[in-house]
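The values are calculated or read from the model by the stated rules, or taken from the named source; none is laboratory data. This one's a predicted model, so the numbers in the text were calculated from it and none came from an experiment. All Cβ positions, even for glycine, are placed from backbone atoms using ideal geometry, and neighbour counts span all protein chains on display. For accessibility, only protein heavy atoms count, side chains too; no ligands or nucleic acids. Shrake-Rupley method; radii C 1.70, N 1.55, O 1.52, S 1.80 Å.
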Amino acid sequence: MLAQRLHVRFAPHLALVPMALVVLGAYIGGALWTLRTSFTASRTFPSDNFIGAAQYVRLFDNERWLLSLHNLAVYGVAFILACMVIGFLLAVFIDQNVKGEGVLRTVFLYPYAMSFIATGLVWQWLLAPGSGIEGAVRQMGFDGFSFDWIVHQDLVIYTVVIATVWQASGLVMALMLAGLRGIDPEIYKAARLDGIPAWRVYLQIVLPMLGPSVATVFLLLSTAVVKLFDAVVAMTQGGPGIASEVPAKFIMDHLFLRSNIGLASAGAVTLLIPVLALLAPYAYARSRRARLAGGHA
């Protein structure tokens with residue numbers, strides 16, 4: 001009897017042990033090792049020669065790193081804004097009970113099933129000067145048409161935005177649609193009876209009610225921004241020159257090609273800060289909401 005009680009009490013905790021070991025070893029342990037390495041003079045192999053914050057000073061004296069941060073900021077704002085607007089509009093469109101809803105959902109969501117490498121290669125061809133979109137438009141008789149953003153140093157980062165927005169908007173649509181389907185239809189009927197225009201209903205009533213969905217979408221898109229790498233490598237290799245360089249590519253280049261583990265670790269730790277800044281408030285809000293729900297139960 002006692003053994004059965006102990007089994008019932010501790011079995012759930014024992015089931016969590018493998019996951020806890022993975023989290024402690026692979027995630028927290030890896031992060032702490034990276035933080036330690038960032039304060040050393042490690043080159044090809046890890047070193048115990050501690051040099052304080054010298055790697056961080058070198059990092060922020062590096063023009064390539066500063067350019068990569070600038071590119072990431074521009075990309076992040078454009079990518080998140082475009083994905084949320086397009087994804088929300090697609091969700092509103094499908095929520096009108098249109099015919100072929102299942103087919104449309106699949107079409108919009110399908111790009112998300114593709115890897116960033118495949119997406120980047122497809123859009124590299126579509127945006128290549130002389131072929132793809134430019135070539136197709138010229139064949140229609142518009143000989144002077146030019147669309148060479150992918151080889152333009154000031155505009156190349158926006159080609160990455162176009163490709164990744166095409167891929168991620170379907171996921172945003174799916175999450176927003178799930179939120180829309182959870183709203184009471186009586187709200188729409190009451191708004192129509194009051195003569196409120198549809199755009200005001202969605203902007204002032206529906207969107208605030210989609211707060212949890214919007215927060216989830218924002219968090220997913222923000223983490224996608226920070227780890228941007230595959231699409232840039234597939235589309236531009238960071239070029240022309242270093243015009244489309246991003247932090248993740250800078251870190252990978254110094255980790256595997258330039259044999260500078262210390263500098264790469266400093267970049268990785270710097271990149272982790274905005275992720276924690278986003279996750280901490282979100283985790284706190286969820287924890288607080290769970291405590292309040294438990295208190296009212």
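Some observations on this one:
- Straight-line cross-link partners of Lys249 among the lysines, defined as a Cα under 22 Å from its Cα and at least 8 positions apart when in the same chain: Lys227.
- Over the chain, relative contact order from alpha-carbon pairs under 8 Å, at least 6 apart, %: 29 percent
- Here the relative contact order of the stretch 23-152, from alpha carbon pairs under 8 Å that lie six or more residues apart, stands at 9 percent.
- Per residue, the convex hull volume that the Cα atoms of the stretch 31-84 enclose (Å³): 111 Å³
- Size-normalised alpha-carbon gyration radius of the stretch 224-297, reference 2.2 N^0.38 Å: 1.61
- Max mean-square fluctuation residue, GNM over the chain, Cα-Cα springs under 10 Å, options Gly132, Gly239, Gly87: Gly132
- The modelled label-to-label distance between Tyr27 and His70, using points 7 Å beyond Cα along the C-beta direction, is 3.5 nm.
- One chain, two ends: Leu155 and Val77. Fully extended at 0.36 nm per residue, the span grows by 26.6 nm beyond their Cα-Cα distance.
- For the Cα trace of the stretch 170-213, dividing Rg by the Kirkwood Rh returns an Rg/Rh value of 1.00.
- A convex hull fitted around the alpha carbon atoms of the stretch 1-117 yields 251 Å³ per residue.
- Quotient of Cα Rg and 2.2 N^0.38 Å for the chain, N being how many residues it contains: 1.26
- Springs between Cα atoms under 10 Å define the GNM used for the chain, and in it the highest mean-square fluctuation of Phe142, Phe93, Phe116 occurs at Phe142.
- Each residue of the stretch 281-288 was assigned a 3J(HN,Hα) from its phi angle through the Karplus curve 6.51 cos²θ - 1.76 cosθ + 1.60 (θ = phi - 60°); the sequence is x, 5, 5, 5, 4, 5, 5, 5 Hz, with glycine and proline shown as x.
- Projected label points at Val137 and Leu279, each 7 Å from Cα along the beta carbon direction, are separated by 4.2 nanometres.
- GNM top mover of Val137, Val214, Val246 - the chain, alpha-carbon springs below 10 Å: Val137
- Rounded to the nearest angstrom and listed largest first, the equivalent-ellipsoid semi-axes of the stretch 153-297 from its Cα gyration tensor are 40, 23, 10.
- Rounded to the nearest Hz, the phi-derived 3J(HN,Hα) couplings of the stretch 137-142 under the Karplus curve 6.51 cos²θ - 1.76 cosθ + 1.60 (θ = phi - 60°) are 5, 5, 5, 7, x, 8, where x marks glycine and proline.
- Estimated vicinal HN-Hα couplings, Hz - the stretch 32-45 in sequence order (Karplus 6.51, -1.76, 1.60; Gly, Pro = x): 5, 5, 5, 4, 4, 5, 5, 9, 10, 8, 4, 10, 6, 10
- Remark on the stretch 52-141: Rg and Dmax equal 19.9, 63 Å (Cα only).
- Rolling a 1.4 angstrom probe over the chain with all protein chains present gives an accessible area of which 69% lies on carbon and sulfur atoms.
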